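The structure appears below as structure tokens.
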Amino acid sequence: MKRNFSITFSVLAVTVFVFSSAAAQDITRLEKIGDVASVTRDDNSVLLSCTDNSQVRITMLAPDLIRVRASFSKPISNRDHSWAIDKTNWSTPRWNLVETTNAVAIKTAEVEVIIRRSPLLIEFRDAKTGAVVNADERPLAYDAKGLLKSMMFDPDAGVFVAASKKLGFDEHFYGLGEKASRLDKRRSSFINWNSDTPGYVEGRDPIYQTVPFYLGLENGVAYGIFFDNSYRSYFDFGKSSQQRAWFGAEGGEMNYYFFYGPSIQKILGRYADLTGRMPLPPMWALGHQQSRWSYYPETMVDEVVRQYRQRDLPLDVVHLDIDYMQAYRVFTWNKDRFPNPQGMFQRLAAQGVKTVTIVDPGVKHQPAGAQASAVSDPLASQENSYYVFNEGVARNYFQKRKDGRLFVPRVWPGESAFVDYTLPEARRWWGDLHRAYTDVGVAGIWMDMNEPADFVDQTGKNQIDVVSDDEGENSTHAKNRNVFALLMARATYEGLERLQPGKRPYVITRAAYAGVQRYSTMWTGDTNSTWDGLSLSIPMFQSLGLSGQPFVGSDVGGFMGRGNGELLTRSYQVSFLAPFCRNHKTIDGYDQEPWRFGKHYEDIIRKYLKLRYELMPFLYSTLETAHRTGVPLFRPLVLNYQDDSSTYNLDDQFMVGDDLLVAPILSPNTINRLVYLPRGTWYDYWTNKKYTGGTMIRVDAPLETVPMFVRGGAIIPKGPAMNFVGEKPATPYFLIYPDAQGKAQTTLYEDDGVSPAYKNGLYRKTSVQASETARGISITVNAPEGQFKTPSRIFSFIISTSLSPTQVVLDGRALPNGGQSGPGWQKNGGILTVRIADDGKPHVIDIR
Ligand code: MIG
């Protein structure tokens, strides 16, 4: 049985569906929107009515956020709905309108929008400098004559719409969510059509997710465009022509949001305002996770966890893949393999291990006939009657074709049914079904196959006439495919919120649409266990972070094919600093747990896993920044050094927050590499050796060492090494790395790590500043912010310095020199350590 599926799976893996490339969509042949005939305004928008009955509405949502919505040869519809948008109640910014014979000019405090009347061309300028930031290359256009119909997924579902922008001579492009491509997307084109693409390599497009949001950067100035259209969409950043960057879709509205920076970080904050913020996941989601397709029976799970603990390897989470179910029936348990799930999860929990179960959208198609019995016990046999299918049919929640027949895709259970997640009551039902997991102690949900994949036909053609309610619109697959996963994630997240009110939901998804960060974290699907796969993971994580998804990661060691100890070790040297750090492997792959290639590799992997847990206070604080500001944890250097052109293409290095720079090894037999250090002071994390940035250096990188640097000016909060989150009390210590002016600072974020109470002020932010003075060093600990109380504990400050102090004074009183645990200080081999009691009060430490 297992063999069979494995073969099916491999066959799918090599079947490549060739879509028409974006280059083939010649948008210059499309019908241009008519000239402006009249202009009207209301409180927050300007409506341009055109000579051809088209309309364009420009809406001012914020000084740096302008929406452009257009309809062609008809008025703009009253219906205005998007599953991606989180915020609609904007308070109108100050703006004014000036009309001249040739143009219409709208100005907010930050952006000026100039609309030429004939032809209708839109240009965005910096309101202060007048510099053009982004300008139409040609008028908005649509496929009035159906020229592109033969290339469209569903020619009956919509009309191709497009917008075209002038391509800057030196413009760089970032974002677009999950793409198997490098960081800078200039001279590339892409299609968005959520697709199950096992074993994808660089250049494969589309893959699982759709996030139609990109950033343009030229001369250090950035803008963003979110083309909120869920139909199959196209982005061409100067691939088909060196004149233009264009985007379009096979239906729906021309509807985009223009974000003005000039800083990328500011744009990401605004994008998070518009499409929502990532809530904090439970802190243990940052722990190390282990998965396999599939661990069963329960003795196998026990053995994996036993090995972890016996080998002193950190582990927070085990994932159960599709074989825990009864013949792939979601929301059931296979009693032969897992006779007592609750007992097992308690056993694991006692060892600090949480369990995540996979949930696929395919519900086994199992008409009950005469056998029907309403057994909704997920542990009971569903052989004769399957409660999820029965209920879905009875409530009419499954997707149907236009002719009213149930849509029956083939996925893991064989013939299946998909839920219409656009129905609020179906989402609620689906969410509540997760009691099958939460009742027995499952801690999180892993959503797979939600492109949605269909073994009958991966292009979606088999689903072309499937209708979704879509808020009463009864639209078809062409519009709904790309939002299917977003809505499944929403159903799951909201279900877990209801089922476990005191706990933060933990959801991870493969497919998505923009806005998914409100409900789910993600991983990059079925990668390859190759060096190319590892190298590709870095720009992928970075691009996702630049597209509103901060909690990202990929299967450590790669999913498909055979890895080896060196690749696995180097993979950990990337993923130990990615938000999602999970080792996972396909069903027929060579085993890949950290010990599988022998002690030498295992010892190095342990070192990095331990370091991840030591860095947990830093990682968690940086994740909270991502939650609050939309600026991701795992960053390309361009995000921190936007004015430094040497960072624009840099995607074999990354930063964690503002303070850590990592330059991993991405090829075999490599023991040194070049590293670009941007301006400022940098410290080698391992040796404390100081560098002045703005240059390229060569550093050694034997297998046990990943080149890693700390920014001068940083204070890195660390904690004890642990084998799972919460194993030991959090006793933070602070590593101080002064900049050229002798200054450094940080803010440590803490909360209970599990409940949503942080949303109501139950957190603690402790900011710490250090500065070199004429006499020595002074450290300030500010009064903590927030209501969360930490137990009284010792704060340690550690600094590598040539200074030999004679006295360390805390709030005017001398601290004892020496001692090990209580308040005091010592200088040892160039390292100065100062310990004080953290009593929740402000303190000043004077080192002389
Ligand atoms: O058709 O559940 O990406 O992580 O192990 C393959 C089995 C289905 C694909 C996921 C992978 C998972 C696998 N799944």
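Assorted remarks:
- Each 10 Å bin, from zero up to the one with the longest distance, holds this percent of the alpha carbon pairs of the range 652-758: 13, 37, 30, 17, 2.
- For R41, the solvent-accessible surface computed with a 1.4 Å probe is close to 130 Å², ligands and nucleic acids excluded.
- Accessible surface of W90 - all protein chains present, 1.4 Å probe, nearest 10 Å²: 40
- Contact order for the range 557-638, expressed relative to its length and based on alpha carbon pairs under 8 Å spaced 6+ residues apart, stands at 29 percent.
- The share of Cα pairs per 10 Å bin across the range 256-309, counted from zero up to the longest distance, runs 18, 26, 19, 16, 18, 5 percent.
- Where S767, S792 fall by accessible area, highest first, once all protein chains stay in place (1.4 Å): S792, S767
- Restricting the calculation to Cα atoms, every distinct pair contributes to the Kirkwood radius of the range 557-699, found to be 16.6 Å.
- Scattering profile of the range 695-751 at q = 0.14, 0.16, 0.19 Å⁻¹ [log10 I(q)/I(0), Debye over alpha-carbon scatterers]: -0.61, -0.75, -0.90
- Loop-located chymotrypsin sites (Phe, Trp or Tyr not before Pro) in the range 133-208 (DSSP state not H, G, I, E or B) with no more than 12 neighbouring Cβ atoms inside 10 Å: F169.
- Using a probe of 1.4 Å on the protein chains alone, the accessible area found for I799 is around 10 Å².
- As a size descriptor, the averaged projected area of the C-alpha convex hull of the chain was calculated at 35.3 nm².
- Pairwise Cα distances in the range 745-795 exceed 17 Å in 44 percent of cases.
- The share of accessible area on the range 432-529 that comes from carbon and sulfur is 47 percent, using a 1.4 angstrom probe.
- Potential lengthening between L762 and K145 on full extension [0.36 nm per residue; Cα-Cα distance subtracted]: 216.2 nm
- Heavy-atom accessible surface of the range 170-322: percent carbon and sulfur, 1.4 Å: 46
- FRET E, pair E727, S91, Förster distance 51 Å, beta-carbon r, rounded to 0.05: 0.65
- Contact order normalised by residue count of the range 495-541, Cα under 8 Å, 6+ apart, percent: 25
- Derived value for the range 628-679: Kirkwood hydrodynamic radius 11.9 Å. Basis is the mean of 1/r over every pair of different alpha-carbon atoms.
- Sparse-neighbour loop sites [chymotrypsin sites (Phe, Trp or Tyr not before Pro); the range 497-589; at most 10 other C-beta within 10 Å; DSSP]: none
- Here, the range 454-548 is characterised by an Rg to Rh ratio of 1.04, where Rg is the alpha-carbon radius of gyration and Rh the Kirkwood radius.
- Computed over the range 51-208, the alpha-carbon pair-distance distribution with 10 angstrom bins reads 8, 27, 37, 23, 5, 0, each value a whole percent.
- Given charges at beta-carbon only (K, R positive; D, E negative), |dipole| of the chain in Debye: 1220
- For the range 532-627, the square roots of the Cα gyration tensor eigenvalues, ordered a ≥ b ≥ c, give a/c of at least 1.5 with a/b no greater than b/c, which places it in the oblate category.
- Count of Lys pairs (Cα-Cα under 30 Å; at least 8 positions apart or interchain) in the range 230-383: 4
- With helices as the sole contributors, the chain gives -5500 deg cm²/dmol at 222 nm; each DSSP H run of n ≥ 4 counts as -39500 (n - 2.57), and the sum is divided by every residue.
- Looking at the chain, the accessible area is 35 square angstrom per residue; that uses a 1.4 Å probe and ignores ligands, DNA and RNA.
- The HN-Hα couplings worked out from phi for the range 626-638 by the Karplus form 6.51 cos²θ - 1.76 cosθ + 1.60 (θ = phi - 60°) are 5, 4, 7, 10, x, 8, x, 6, 8, 10, x, 5, 4 Hz, whole numbers, x standing for Gly and Pro.
- Gyration tensor verdict on the range 115-190 (Cα atoms; rounded if a/c is under 1.5, prolate if a/b is larger than b/c, oblate otherwise): oblate
- Relative contact order of the chain, pairs being alpha-carbon contacts under 8 Å that are 6 or more residues apart, as %: 10
- For the range 257-391, projected area of the alpha-carbon convex hull averaged over all directions, nm²: 12.3
- 18 Å Cα-Cα threshold exceeded, pairs from K503/K759; K503/K610; K149/K479; K32/K166: K503/K610
- The chain - share of DSSP beta bridges that are antiparallel (%, nearest 5): 85
The values are calculated or read from the model by the stated rules, or taken from the named source; none is laboratory data. Predicted model only: the values in this text are computed from it and were never measured. Quick reminder, even Gly has a Cβ in these numbers, built from the backbone with ideal geometry, and neighbours come from all protein chains shown. SASA here: full protein model, heavy atoms, side chains in, ligands and nucleic acids out. Shrake-Rupley method; radii C 1.70, N 1.55, O 1.52, S 1.80 Å.
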